[in-house]
Amino acid sequence: MAFVEGEIYRCSDPTCGCEVTVTKGAPKSCSGTANPTCCCGKEMTKISG
Ligand SMILES: [Zn+2]
């Protein structure tokens, strides 16, 4: 799902725990489904928004 403003993503590695907030969403026309990747290399998953 495309990024929506306000969503929070967290690193899937609990020892890392990094979180990012989407401050500007993707265009509604974006059909991508990729999750962001943390600086540690793990995939981040949506926890809010
Ligand atoms: Zn991480």
All conditions in (1) among the β-branched types (Val, Ile, Thr); (2) within 16 Å of the ligand (Cβ to nearest atom); (3) surrounded by 13 or more Cβ atoms within 10 Å (Cβ to Cβ); (4) without any contact (Cβ under 8 Å) to a residue 40 or more places away in the chain are true of THR21 except (3)
In segment 24-49, which residue that is among the hydrophobic types (A, V, I, L, M, F, W, C) and in a strand (DSSP E or B) is surrounded by the most Cβ atoms within 10 Å (Cβ to Cβ)? MET44
Answer yes if at least one residue in segment 5-15 is surrounded by 14 or more Cβ atoms within 10 Å (Cβ to Cβ), in a loop (DSSP other than H, G, I, E, B) and within 14 Å of the ligand (Cβ to nearest atom), and no otherwise. yes
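So if I check each of THR45, THR33, which one is of a type outside the set (D, E, K, R) and away from the ligand (no atom under 16 Å from the Cβ)?
After ruling out the rest, the residue left standing is THR33.
Every read-out reported here was derived from the displayed coordinates using simple, explicitly stated rules and does not represent laboratory data. This structure is a prediction, so every number in the text was calculated from the model and none was measured. Here Cβ is always computed from backbone atoms with ideal geometry, including for glycine, and neighbour counts include all displayed protein chains.
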